[in-house]
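The structure under discussion appears below in the form of structure tokens.
The values are calculated or read from the model by the stated rules, or taken from the named source; none is laboratory data. Bear in mind the structure is a predicted one, so any value in this text is a computation, not a measurement. Quick reminder, even Gly has a Cβ in these numbers, built from the backbone with ideal geometry, and neighbours come from all protein chains shown.
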Amino acid sequence: MIKQRVCGLLLLAMVGLMGCSEEPLESEQPVNPPKKKEVAQEENKDVKPTPAEQEVAFTYNAENRRNPFKPLISPKIEPKEVVAVSRPQAVLTPLERYDTHEYKLVGVIAGRGGDYAMVESPDGKTYNFKVGTRIGKREGVVQKITDGEVVIKEIIRYDTGDTKEVETTLSLNKPNEQGAR
């Protein structure tokens, strides 16, 4: 087996040496290849430019075509009659969640910094406020706080678009009175 490998290697070495000679054959002598520009010019002599290669001024006509930046399906939004508060729900304070007649006046505090009132909401929570505080669903604003009552000015908006200002009074130990005073 070793003899076979040695013989094979000698045979390969001899074949390799036989193919090598110091003088190149005439057919193997290097030929100067033509330059790229010359080849390109020779090829282009017979070729006519295609319409795509010719400079053509392109104009786009958008007539009777849809705008690619608008959605294919757009939701139809119908205007609704809004009677609620003009401020967004996210900005409403806890006192603006219920109507003013739903609050129960619990107490009034007179002090140097001004008078404060305390009301209880229908969910059982209590809130303190002073004059100028917003209260109620109808854009109510506290106008004055006296010993036993709180006067709130509200704006009532009707479906017809008319508005009316109404004063609502919350009283201690008495049923809430509504209406103008």
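Does region 166-178 contain at least one residue that is on the phi > 0 side of the Ramachandran plot and either modelled with pLDDT under 90 or touching a His at 6+ places or on another chain (Cβ under 6 Å) (or both)? Yes, that holds for at least one residue. Taking the criterion of being aromatic (F, W, Y) and closer than 14 Å to I152 by Cα, the residues of region 99-137 that qualify are Y103, Y116, F129.
For the structure I just gave you, tell me whether P122 is out of contact with any His (no Cβ under 9 Å at 6 or more places or on another chain), modelled with pLDDT of 90 or more and in a loop (DSSP other than H, G, I, E, B).
Details: out of contact with any His (no Cβ under 9 Å at 6 or more places or on another chain): yes; modelled with pLDDT of 90 or more: yes; in a loop (DSSP other than H, G, I, E, B): yes.
Taking the combined requirement at face value, the residue satisfies it.
Only one of the numbered conditions (1) in contact with a Gly (Cβ under 8 Å, 6 or more places away or on another chain); (2) exposed (fewer than 13 other Cβ atoms within 10 Å of the Cβ) is violated by G113, and that is (1).
Conditions (1) in contact with a strand residue (DSSP E or B) (Cβ under 9 Å, 6 or more places away or on another chain); (2) without any contact (Cβ under 8 Å) to a residue 60 or more places away in the chain; (3) outside any strand (DSSP E or B); (4) surrounded by fewer than 11 Cβ atoms within 10 Å (Cβ to Cβ), marked per residue:
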| position | (1), (2), (3), (4) |
| --- | --- |
| G132 | yes, yes, yes, yes |
| R138 | yes, yes, yes, no |
| K144 | yes, yes, no, no |
| D147 | yes, yes, yes, yes |
| I156 | yes, yes, no, no |
| T160 | no, yes, yes, yes |
| T168 | yes, no, no, no |
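Pairs linking a residue in region 68-82 that is at negative phi and in a loop (DSSP other than H, G, I, E, B) to a residue that is modelled with pLDDT of 75 or more and of a type in the set (F, W, Y), with Cβ atoms under 9 Å and 6 or more positions apart or on different chains, do not occur.
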